[in-house]
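Reviewing the structure listed below.
The values are calculated or read from the model by the stated rules, or taken from the named source; none is laboratory data. Here the structure is a predicted model, which means the values were calculated and not measured. With ideal geometry, Cβ positions are generated from the backbone for all residues, glycine too; neighbour counts draw on all protein chains shown.
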Amino acid sequence: MRRHLPASELARDERFHTITMRDRMADPRAGRGRFEGDNGRRSNRLTPDLPSASEAARSMMHGIFVGEIQALEGAGRTCFDFDDIPFALKLDMARQAWDEARHVEISVKLSAWMGTEIGQFAENTVLFEAACSADPVMRLAGVNRALEGLAIDVFTTMKAFGELAGDPFLEFCEDWMLADEVTHVKMGSDWLRRLTESDPQRRAAALEFQSVVDKLFSYGGTRSDSDESMIGLARRFRELAGFTDDEISHIADVSDEALSEAKARKQAVRAGAGA
Amino acid sequence: MTVAVTPEVFRFVQYDAAEIAAVVEDLLGRLGLAGTRVALDVDETTPLTRVVVHEGDPLRIEAGSGALEDTRVPRTFSPTAAQVNVGRVLLRRRDRSGAAFAAAPDDAGLSLAELAAWDVTCVGRLARAGVRVHADRWRYNLRNRIGFTDATDAVFDRLWATDDASWFDIAAACGAVTP
């Protein structure tokens with residue numbers, strides 16, 4: 001079997017349509033338009049009182065579904081792609097692959113419950129791309145810490161959404177998946193420290209890569225501490241996952257930066273359109 | 001052709017004005033509105049899905065490009081999305097012209113629950129008119145608005161199946177009045 005598979009060669013049937021982050025960033029519509037967003041509401045946090053709440057929740061759930069597929073593929077690949085990593089790390093990756101497979105099944109059922117068909121929304125392959133590094137430490141930083149960290153934020157937001165809407169299945173399922181994600185992040189943090197114990201340069205490079213991925217996942221200001229973001233930063237669960245206060249503050253700063261950039265872009269586009 | 005679409009050439013999305021016009025023309029026929037003159041103004045600079053109708057002849061419909069978009073392949077046209085999103089507002093407008101909806105507030109005055117319940121009656125009718133819809137999507141929206149209960153599901157089934165709902169039915173579904 002081939003090692004180091006690129007995102008473009010992921011196995012998908014005809015129901016799926018994949019796009020890249022470049023495609024998403026190339027959409028010229030962001031920040032333009034005559035219509036305001038959800039009735040000029042100040043908070044953009046995904047809550048049931050948002051007029052577009054059901055559609056946004058369905059879209060996010062589908063994003064979780066394809067994210068789980070890619071996380072499964074990423075963890076499985078890390079098991080297989082390297083001969084020179086500790087066997088215990090392979091076992092942890094195998095355990096994660098098993099968790100992700102279960103999450104895929106849960107997400108399929110939740111999506112059906114919410115009235116969504118498989119493949120109804122485009123699949124962004126950015127998550128798997130973070131798992132394509134030739135260095136396993138980079139994968140741990142990009143996937144287990146950045147991607148699974150984002151999953152903690154997303155699941156916390158969705159669990160709260162289910163709780164507020166009174167949706168018992170959504171709240172319950174997100175809570176259980178959240179518990180697994182906390183473990184995945186912790187595994188990533190532990191292994192990253194162990195594998196780079198005597199190589200501070202490699203550790204610094206991995207953390208820098210994580211920071212880049214964190215910013216990419218915050219693109220458009222989607223995730224931050226601010227209510228202007230759809231997804232909040234789940235500080236408490238990140239603490240439980242082993243992020244230090246400084247690391248959480250750094251992610252908060254990176255996310256705020258992404259939000260500010262998105263607002264500046266929007267303002268510039270509007271100014272340009274009005275000129 | 002009774003449907004005119006602007007812009008004639010799209011730059012932000014890969015839509016074709018003639019194709020959109022044909023799809024809306026077909027929709028008008030399915031809804032018994034053949035011959036109605038429509039000016040559909042698509043704001044291609046926004047991915048929002050909002051659709052607004054302005055009375056007049058022609059009937060002016062303003063739509064964000066997201067209302068006509070294929071969510072599987074961003075920035076491409078979806079005939080189904082167009083028929084569902086334009087169809088809902090056309091049916092709501094037609095409902096308003098009858099006495100049964102005389103007491104209904106204008107669109108801006110509708111609560112999210114009322115809008116969800118009204119959408120159920122509209123999309124149910126679109127399904128019977130041959131438009132491809134996914135009923136569970138609308139069931140989920142109604143549950144989000146009035147509760148995840150068996151009673152909500154019973155309300156959904158009733159509203160979905162009826163061709164002659166009244167404002168009283170919508171308001172009752174949302175608990176605003178006692179049936």
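Among the residues of region B:48-66, count how many are within 13 Å of chain A (Cβ to nearest Cβ), without any contact (Cβ under 8 Å) to a residue 24 or more places away in the chain and not in a strand (DSSP E or B).
Of the residues in region B:48-66, 3 are within 13 Å of chain A (Cβ to nearest Cβ), without any contact (Cβ under 8 Å) to a residue 24 or more places away in the chain and not in a strand (DSSP E or B).
Which of the numbered conditions does residue B:19 fail, given that it passes all the others? Conditions: (1) surrounded by 15 or more Cβ atoms within 10 Å (Cβ to Cβ); (2) in a helix (DSSP H, G or I).
With respect to (1) surrounded by 15 or more Cβ atoms within 10 Å (Cβ to Cβ); (2) in a helix (DSSP H, G or I), residue B:19 is out only on (1).
Any residue in region A:191-208 that's part of a loop (DSSP other than H, G, I, E, B): show its pairings with residues that are buried (at least 19 other Cβ atoms within 10 Å of the Cβ) at Cβ separation under 7 Å, as long as the two are six or more apart or on different chains.
Note: pairs meeting the criteria are A:196/A:137; A:196/A:206.
Given the conditions (1) among the β-branched types (Val, Ile, Thr); (2) surrounded by fewer than 19 Cβ atoms within 10 Å (Cβ to Cβ); (3) under 18 Å from the mean Cα position of the chain (by Cα); (4) away from chain B (no Cβ under 14 Å), and given that residue A:85 satisfies all but one, which numbered condition is not satisfied?
(3)
In region A:113-168, which helices (runs of 4 or more DSSP H) lie fully inside it and hold 1 or more residues that are basic (Lys, Arg) and in contact (Cβ under 8 Å) with a residue 12 or more places away in the chain?
Those helices (runs of 4 or more DSSP H) span A:136-139, A:148-165.
Select from region A:102-112 the residues that are crowded, with 19+ Cβ neighbours inside 10 Å and either within 14 Å of chain B (Cβ to nearest Cβ) or of a type in the set (Gly, Ala, Ser) (or both) and list them in ascending order.
Within region A:102-112, A:107, A:110, A:111 meet the criteria.
Go through region A:51-104 and give me each residue that's under 17 Å from residue A:184 (Cα atoms) and among the polar types (S, T, N, Q).
A:70, A:78, A:96
Being of a type in the set (A, V, I, L, M), within 14 Å of chain B (Cβ to nearest Cβ) and surrounded by 14 or more Cβ atoms within 10 Å (Cβ to Cβ) narrows it down to one residue among A:164, A:259; which is it?
Every option except A:164 fails the conditions.
Yes or no, residue by residue, for (1) modelled with pLDDT of 95 or more; (2) within 30 Å of residue A:195 (Cβ to Cβ); (3) in contact with a Leu (Cβ under 6 Å, 6 or more places away or on another chain):
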position	(1), (2), (3)
A:103	yes, yes, no
A:110	yes, no, no
A:120	yes, no, no
A:127	no, yes, yes
A:149	no, yes, no
A:156	yes, yes, no
A:164	yes, no, no
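Which members of region B:60-80 meet the condition of being more than 15 Å from the chain's Cα centre (by Cα) and of a type in the set (A, V, I, L, M, F, W, C)?
B:73, B:77
Looking at region A:210-221, I want the residues that are closer than 19 Å to residue A:133 by Cβ and have a partner that is of a type in the set (D, E, K, R) with Cβ atoms under 8 Å, at least 6 apart or on another chain. Which pairs are those?
Going by the 8 Å Cβ cut-off, the qualifying pairs are A:210/A:145; A:215/A:257; A:217/A:223.
Please specify each residue of region A:241-275 satisfying the condition of being in a loop (DSSP other than H, G, I, E, B) and either in contact (Cβ under 8 Å) with a residue 60 or more places away in the chain or closer than 17 Å to residue A:25 by Cα (or both).
A:241, A:243, listed by residue number.
Can you tell me which residues in region B:93-113 are away from chain A (no Cβ under 14 Å), under 26 Å from residue A:48 (Cα atoms) and acidic (Asp, Glu)?
B:106
For region A:227-240, which residues satisfy the criterion of being out of contact with any Ser or Thr (no Cβ under 8 Å at 6 or more places or on another chain) and either in a loop (DSSP other than H, G, I, E, B) or of a type in the set (Lys, Arg) (or both)?
Answer for region A:227-240, where residues must be out of contact with any Ser or Thr (no Cβ under 8 Å at 6 or more places or on another chain) and either in a loop (DSSP other than H, G, I, E, B) or of a type in the set (Lys, Arg) (or both): A:235, A:236, A:238.
Considering only region A:116-135, how many residues are over 19 Å from the mean Cα position of the chain (by Cα) and buried (at least 19 other Cβ atoms within 10 Å of the Cβ)?
Residues in region A:116-135 being over 19 Å from the mean Cα position of the chain (by Cα) and buried (at least 19 other Cβ atoms within 10 Å of the Cβ): 1 in total.
Among (1) within 14 Å of chain B (Cβ to nearest Cβ); (2) more than 21 Å from the chain's Cα centre (by Cα); (3) surrounded by 14 or more Cβ atoms within 10 Å (Cβ to Cβ), which single condition is residue A:220 missing?
(2)
All but one of (1) hydrophobic (A, V, I, L, M, F, W, C); (2) within 25 Å of residue A:50 (Cα to Cα); (3) away from every other protein chain (no Cβ under 14 Å) hold for residue B:81; which doesn't?
Tallying (1) hydrophobic (A, V, I, L, M, F, W, C); (2) within 25 Å of residue A:50 (Cα to Cα); (3) away from every other protein chain (no Cβ under 14 Å), residue B:81 fails exactly one: (3).
Can you tell me which residue within region A:123-147, out of those that are of a type in the set (D, E, K, R) and in contact with a Lys or Arg (Cβ under 9 Å, 6 or more places away or on another chain), is farthest from residue A:71 (Cα to Cα)?
Looking at the filtered set, the residue picked out is A:135.
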